[in-house]
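The block underneath contains the structure these notes are about, expressed in structure tokens.
Since every read-out is calculated from the coordinates, none of them should be taken as a lab result. Keep in mind it's a predicted model, so treat the numbers as computed, not measured. Please note: Cβ atoms are built from the backbone with ideal geometry, for glycine as well, and neighbour counts cover all protein chains shown.
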Amino acid sequence: AVQGFMPELGLAKENIVFVSGIGCSSRFPYYMNTYGMHSIHGRAPAIATGLASSRRDLSVWVVTGDGDALSIGGNHLIHALRRNVNLKILLFNNRIYGLTKGQYSPTSEVGKITKSTPMGSLDAPFNPVSLAIGAEASFVARTIDSDRQHLTGVLRQAAAHPGTALVEIYQNCNIFNDGAFDALKDKQQSQEAVIRLEHGQPIRFGADGARGVVRDQQTGDLKVVTVTTENESQILVHDAHSASPTTAFA
């Protein structure tokens, strides 16, 4: 998907750079016919920040994983997001350490049984999107590797954003965490498990958009309802350009 999208940028390949850290995801620069750097564990955002700051003529992309970005690289990630330098971060999330053979990662679910947590993980997982919003990131998105159309659309929007963009990409690890995202890939299950946010469109999902998201009038919290003629006008509309994540659903 990334290889197919890159020509849309209209840039010479020598003006595109992919910087990665350590992990399965971080072999990505080898698969691109551009400049690239396979750097050190967790430090890709720091290296990319320096490059993007000193060479504003370049299109700078970071490729990282849930372990690389959210464990040893956590500080580098949040500071890159808050500084809002013009770079794009692709965070491949397979909820496992794949390169080092199947230990639990910062995004593994509670109770996850792995080689490093044989009795189940006790740690509550990070939500990369929540973390990015908390760091005041100016562009945050989530997609999945198997939906090429949606993934390409998100990449297109991230590339056009004038600042740091974080794109979390759910990606299956068929060796150490196979089936982690089956609910999102199964056509029937995904109708209830996936809410597609489109700018300017009502937030509806399910079969024929039968369910929608509204704001509770008493608490202000978001809640899911079955759409009826009586509540249809209350369904929230997504505003992708809202300055505050709390008003992105108006």
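Centroid-to-centroid, using Cα positions, the range 11-61 and the range 221-243 are 39 Å apart.
Arrange the following residues from fewest to most other Cβ atoms within 10 Å of their Cβ: F18, F126, F139. Display every interim value, and only then the final one.
Values: F18 26, F126 18, F139 21.
Exposure proxy ranking, most exposed first: F126, F139, F18.
In the chain, what percentage of the DSSP-assigned beta bridges are antiparallel, given to the nearest 5? Present the calculation step by step, with values, prior to reporting the outcome.
Details: 11 of 36 bridges.
Bridges in the chain are about 30 percent antiparallel.
By the count of neighbouring beta-carbon atoms within 10 Å, fewest first, T34, T143, T164, T100 end up ordered T100, T34, T143, T164.
To the nearest ten degrees, helix 148-160 and the longest principal axis of the Cα atoms of the chain are 70 degrees apart. Counted by neighbouring Cβ atoms within 10 Å, the residues T226, T64 run from fewest to most as T226, T64.
Helix 74-83 and the longest principal axis of the C-alpha atoms of the chain enclose an angle of approximately 80°. Stokes-Einstein diffusion of the chain at 10 °C, 1.306 mPa s viscosity, Kirkwood radius from Cα pairs, rounded to a whole number: 83 µm²/s. Between D178 and L222, residue separation times 0.36 nm minus the direct Cα-Cα distance comes to 12.7 nm. Mind pulling the angle between the C-alpha long axis of helix 44-54 and the longest principal axis of the chain? Nearest 10 degrees, somewhere in 0 to 90. The angle comes out at about 80 degrees.
Across the chain, the relative contact order, built from alpha-carbon pairs under 8 Å that are at least six residues apart, equals 13 percent.
With the simple spin-label model, which puts each label point 7 Å out from Cα in the Cβ direction, the L122 to E198 separation comes to 4.7 nm.
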